[in-house]
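*Asks:* Take a look at this one; I'll ask things after.
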Amino acid sequence: MRPESAAGDSVAGLPRRDFLKVGVGFSIALTLGTAIVGCSDSAKAPVQGFAFLHPGDVELFSALAPAVVLELANFDEAKRKLVVGDMLRVIDGTLAAMALGSQKEVRKLLDLLAIAPLRYVLTGVGAWNEAGVEKMQAFIERWRGSRFGTLNAGGNVLVKLSATSFYLLPVSWPSAGYPGPLAYAFNAINS
Amino acid sequence: MAIPDIYTEGIASGWKVIDGATLRAPQTLEADVAIIGSGAGGGVAAEILSLAGLKVVLLEEGALRTSASFKDMDELRAMSQLYQEAGARATSDGAIAVLQGRSVGGSTTVNWTSSFRTPPLTLKHWAEQHEVVGHSVDDMKPWFEKMEQRLNVALWEAPNANNHVLKRGCEKLGWEAHAIPRNVKGCWNTGYCGFGCPVNAKQSMLVSTIPVALQNGATLVHRVRVRQLQHANGQVSGATGEALRNDGLTPSGVTLTIKARHFIAAGGAINTPALLLRSGAPDPHERLGRHTLIHPVVLSLAQMPEQIDPFYGAPQSIASDHFQWLNGAAGPMGYKLEVPPIFPGIGAGVLNTFGKALQQEAAALPHTSAVLALLRDGFVEQSPGGRVRLADDGSPMLDYDLSDYVWEGVKRAYLSMVELQFAAGAQRVRTAHVDASYQTSWDAARRQIEALPMQKFRATLFTAHLMGGCAMSQNPKRGVVDSRGRHHQLGNLSVMDGSVFPTSIGANPQLSIFGLTAQNATALGKELRG
């Protein structure tokens, strides 16, 4: 069996018994969260130019991007903003193309993380834009190391969306040792 | 050197191709045969029935994408335009990623060209255990030969470095290994099969059977989602579809009505059961959408001393069946070993790491080789497969759980792959599992695998092969269709795709679908010509 550790199974320093209340599934926690906090209508609509991502989701993925993809630190700020913008568009396009069943699950996860008190309990992060790389990595590490499949699933989907959205972009190719489309063929076909 | 675009030329010469996104008013289409889905099953059926002189309409939910748009050889474009759910399709719990095509040609437009005949033990198992008739090795031989000839299937004898790792490992260990037959003609050996072949060398349905069907008067309608079959008194009376907008996802509000003497469902093992479920097709024995098989795939990653460039060259050319039939068709789970190509995007999904680990592993990609195991599911009771059901909007969801029996197979597959990679000279190896780390010796890796939790979301799981859910059997209590693909309760409905398989195949399934469809569509054509 995987080694059990207190660190791996607690969130934001909370012991496991408190964590259990939200570990049984996102749905219950979400119902609870929205009942406590509520959500403004503008926060529930896609950002202008996006089909799926709400304002809070954009903040989350913008904070996750440099934590998942360290390469972003090698770009100057202007370039980094452009690349993160492209990553967000890839993530949005992917989520918009998902079938309803998957969309609902992802939406539950993102809505849950958009509720500040629940976010803090579940991830140890107060505001996404203030978290920084180490705190975001610690959040993902805890979720993926948790004994709760729901959190493992959430951690995996956030990592996968963030990582693939970068490595699907040509800007990633030098950092993956990929020279790009096989040159002789590409040149022949496109000449 | 410009590559001629088959469709630009064909449409100019009068092919009947309708893009649903351009429709502004309701349409009614009439045909002898309406085929829903243009992949391995629908493509072959369209050619055979058109050549038999029948009027065919071929309906495809995805868009028509042709070599003109494959010229960029770009992974992001391919993922977003050629795959179901932009490459993000997954089982309902998100635990297993599903790679499945979604454009004219279906998965044949994006698959890696491996073309195996249905293994003899699989055919024997169907006859003995599932009351399937007419598909013995001898029965199928002429149909496989026909399709192999039609699609130029031949052994590929020049493995790239990635496939050579598998070959070398098997040779060192004395394990069975063989060259893979591929359906290519004039292949440039670039490795871009998964993004749509830019030189029309892959003999997908897109460039082979569908053009012949169109030359013979068939009508192709793409970007149309068939919602329902109407039926009464054991007959399908018509089908209704919704045209999709340019995004290929949202309905435009324009409806299509399709009238035909005979209907063929060929949307693959997720979309075909979903269509029949939405249609309320009779299912007196509760077989519809049940026993869905996926060849669960697990992987192991190796860093090699030599340059691999796992993105270049024919993606699959070597396979090993050493662990596939150790106990015949039943017994502990068998698996086939192959390699996947690794481009940066899909590679990031396989690595499933972040931060420092992702950065280092991505940078090592040119020296990375991966081996995958296709687990042969559905042959014993302990491997019941999954189930297709519907979301609120009628879209499909696939439930798939891994039993202890399957996890035991996963563990053995990990062990085999890692042993093989070290035998082939790997410096460091790790399984694609969240809790695994790189090990530098076979012994250390073996100990790590023994301790890995065999759980969803910890093991990284994929599938690219969807089968079952409309299984064939002569016994209506055991199958949705008979051995010829005819629906047991609806007289003028056939199913011709991977969903008719009573078990998984035990090899990449495209040639199994081609051969079986050729046989069944030929019989259907004769019957309809009467």
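The values are calculated or read from the model by the stated rules, or taken from the named source; none is laboratory data. These figures come from a predicted structure and were not determined experimentally. A quick note on method: Cβ atoms are made from the backbone with ideal geometry, for glycine too, and the neighbour counts reach across all protein chains shown.
*Asks:* In the range B:348-366, what residues are in a helix (DSSP H, G or I) and over 20 Å from B:GLU75 (Cα atoms)? Write out each step before concluding.
*Replies:* Taking the range B:348-366 and keeping what is in a helix (DSSP H, G or I), we get B:348-351, B:355-363, B:365-366.
B:GLY355, B:LYS356, B:ALA357, B:GLN360, listed by residue number.
*Asks:* Any residue that is touching a Lys or Arg at 6+ places or on another chain (Cβ under 9 Å) and farther than 23 Å from B:GLY41 by Cβ - is there at least one of those in the range B:268-278?
*Replies:* No; the residues of the range B:268-278 include none that is touching a Lys or Arg at 6+ places or on another chain (Cβ under 9 Å) and farther than 23 Å from B:GLY41 by Cβ.
*Asks:* Go through (1) assigned to a strand (DSSP E or B); (2) buried (at least 18 other Cβ atoms within 10 Å of the Cβ) for B:PRO315 and report which single condition fails.
*Replies:* Of the numbered conditions (1) assigned to a strand (DSSP E or B); (2) buried (at least 18 other Cβ atoms within 10 Å of the Cβ), the odd one out for B:PRO315 is (1).
*Asks:* Going through the range B:238-258 one residue at a time, which ones are aliphatic (A, V, I, L, M), within 14 Å of chain A (Cβ to nearest Cβ) and buried (at least 19 other Cβ atoms within 10 Å of the Cβ)?
*Replies:* Applying the first criterion (aliphatic (A, V, I, L, M)) to the range B:238-258 yields B:239, B:243-244, B:249, B:254, B:256, B:258.
Narrowing further to those that are within 14 Å of chain A (Cβ to nearest Cβ): B:244, B:249.
Passing the criteria: only B:LEU244.
*Asks:* Mind checking which pairs have a first residue in the range B:351-374 that is facing chain A (nearest Cβ under 7 Å) and in contact (Cβ under 8 Å) with a residue 24 or more places away in the chain and a second that is in a helix (DSSP H, G or I) and of a type in the set (D, E, K, R), Cβ under 8 Å, 6 or more apart or different chains?
*Replies:* B:ASN352/A:LYS160
*Asks:* Could I ask something else about it? Which pairs turn up if I take residues in the range A:63-79 that are at the interface with chain B (Cβ under 7 Å from one of its Cβ atoms) and look for partners that are of a type in the set (Lys, Arg) with beta carbon separation below 8 Å, at least 6 apart in sequence or on another chain?
*Replies:* Matching pairs, first to second residue: A:LEU70/B:LYS356.
*Asks:* Test each condition in (1) modelled with pLDDT of 65 or more; (2) closer than 22 Å to B:PHE354 by Cβ for A:VAL11 and report the one that comes out false.
*Replies:* That leaves (1) as the condition not met.
*Asks:* Quick check on B:ALA213: is it over 23 Å from B:ALA31 (Cα atoms) and either free of Cβ contacts under 8 Å to residues at least 24 places away in the same chain or buried (at least 24 other Cβ atoms within 10 Å of the Cβ) (or both)?
*Replies:* Considered against the rule, which asks whether it is over 23 Å from B:ALA31 (Cα atoms) and either free of Cβ contacts under 8 Å to residues at least 24 places away in the same chain or buried (at least 24 other Cβ atoms within 10 Å of the Cβ) (or both), B:ALA213 comes out as no.
*Asks:* Residues in the range A:92-110 that are away from chain B (no Cβ under 11 Å) and either under 20 Å from B:LYS356 (Cα atoms) or out of contact with any helix residue (DSSP H, G or I) (no Cβ under 6 Å at 6 or more places or on another chain) (or both): how many?
*Replies:* Filtering the range A:92-110 for residues away from chain B (no Cβ under 11 Å) gives A:107-108, A:110.
Restricting the remaining residues to those that are either under 20 Å from B:LYS356 (Cα atoms) or out of contact with any helix residue (DSSP H, G or I) (no Cβ under 6 Å at 6 or more places or on another chain) (or both) gives A:107.
Looking only at that region, the number is 1.
*Asks:* Please state which one of B:GLY253, B:GLY280 is on the phi > 0 side of the Ramachandran plot, free of Cβ contacts under 8 Å to residues at least 60 places away in the same chain, in contact with a strand residue (DSSP E or B) (Cβ under 9 Å, 6 or more places away or on another chain) and not in a loop (DSSP other than H, G, I, E, B).
*Replies:* Values: B:GLY280 fails: not in a loop (DSSP other than H, G, I, E, B).
Residue meeting the stated conditions: B:GLY253.
*Asks:* Please note which helices (runs of 4 or more DSSP H) are completely contained in the range A:90-164 and include at least 1 residues that are among the polar types (S, T, N, Q) and in contact (Cβ under 8 Å) with a residue 60 or more places away in the chain.
*Replies:* Values: elements: A:100-113, A:116-123, A:128-145.
Helices (runs of 4 or more DSSP H) meeting the threshold: A:116-123, A:128-145.
*Asks:* When you go through B:GLU171, B:GLU148 one by one, which is the residue that is under 26 Å from B:PRO310 (Cβ atoms), part of a helix (DSSP H, G or I) and acidic (Asp, Glu)? Working first, answer last.
*Replies:* Working: B:GLU148 fails: under 26 Å from B:PRO310 (Cβ atoms).
Of B:GLU171, B:GLU148, the one residue that is under 26 Å from B:PRO310 (Cβ atoms), part of a helix (DSSP H, G or I) and acidic (Asp, Glu) is B:GLU171.
*Asks:* Which one of the conditions (1) free of Cβ contacts under 8 Å to residues at least 40 places away in the same chain; (2) surrounded by 22 or more Cβ atoms within 10 Å (Cβ to Cβ) does B:PRO120 fail to meet, given that it meets all the rest?
*Replies:* The one condition B:PRO120 does not meet is (2).
*Asks:* Given (1) within 14 Å of another protein chain (Cβ to nearest Cβ); (2) in contact with a helix residue (DSSP H, G or I) (Cβ under 9 Å, 6 or more places away or on another chain); (3) under 26 Å from B:ILE96 (Cβ atoms), where does A:LEU113 come up short, assuming only one miss?
*Replies:* So A:LEU113 meets the others, but not (1).
*Asks:* Just one of B:ILE48, B:ILE6, B:ILE36 is buried (at least 18 other Cβ atoms within 10 Å of the Cβ), touching a strand residue (DSSP E or B) at 6+ places or on another chain (Cβ under 7 Å), in contact (Cβ under 8 Å) with a residue 12 or more places away in the chain and closer than 30 Å to B:HIS465 by Cα; which is it?
*Replies:* Working: B:ILE48 fails: touching a strand residue (DSSP E or B) at 6+ places or on another chain (Cβ under 7 Å); B:ILE6 fails: touching a strand residue (DSSP E or B) at 6+ places or on another chain (Cβ under 7 Å).
Sole residue among the options that is buried (at least 18 other Cβ atoms within 10 Å of the Cβ), touching a strand residue (DSSP E or B) at 6+ places or on another chain (Cβ under 7 Å), in contact (Cβ under 8 Å) with a residue 12 or more places away in the chain and closer than 30 Å to B:HIS465 by Cα: B:ILE36.
Listed here are the residues, each with its yes/no results for (1) surrounded by 18 or more Cβ atoms within 10 Å (Cβ to Cβ); (2) at the interface with another protein chain (Cβ under 8 Å from one of its Cβ atoms); (3) modelled with pLDDT of 95 or more.
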{"site": "A:MET136", "(1), (2), (3)": "yes, no, yes"}
{"site": "A:ARG142", "(1), (2), (3)": "yes, no, yes"}
{"site": "A:ARG147", "(1), (2), (3)": "no, no, no"}
{"site": "A:TYR167", "(1), (2), (3)": "yes, yes, yes"}
{"site": "A:ALA185", "(1), (2), (3)": "yes, yes, yes"}
{"site": "A:ALA188", "(1), (2), (3)": "no, yes, yes"}
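*Asks:* So, in the range B:330-344, of the ones that are part of a loop (DSSP other than H, G, I, E, B), touching an Asp or Glu at 6+ places or on another chain (Cβ under 9 Å) and away from every other protein chain (no Cβ under 14 Å), which residue ends up surrounded by the fewest Cβ atoms within 10 Å (Cβ to Cβ)? Quick ask: steps written out before the conclusion?
*Replies:* In the first step, residues of the range B:330-344 are kept if they are part of a loop (DSSP other than H, G, I, E, B); the result is B:330-334, B:339-343.
So of that shortlist, the ones also touching an Asp or Glu at 6+ places or on another chain (Cβ under 9 Å) come out as B:332-334, B:343.
Now drop any that are not away from every other protein chain (no Cβ under 14 Å), which leaves B:332-334.
Values: B:PRO332: 13, B:MET333: 27, B:GLY334: 28.
Step by step, filter the range B:330-344, then rank; the result is B:PRO332.
*Asks:* Can you tell me which residue is nearest to the other protein chains (Cβ to nearest Cβ) among those in the range B:456-487 that are surrounded by fewer than 22 Cβ atoms within 10 Å (Cβ to Cβ) and not in a loop (DSSP other than H, G, I, E, B)?
*Replies:* Checked the range B:456-487; the qualifying residue nearest to the other protein chains (Cβ to nearest Cβ) is B:LYS456.
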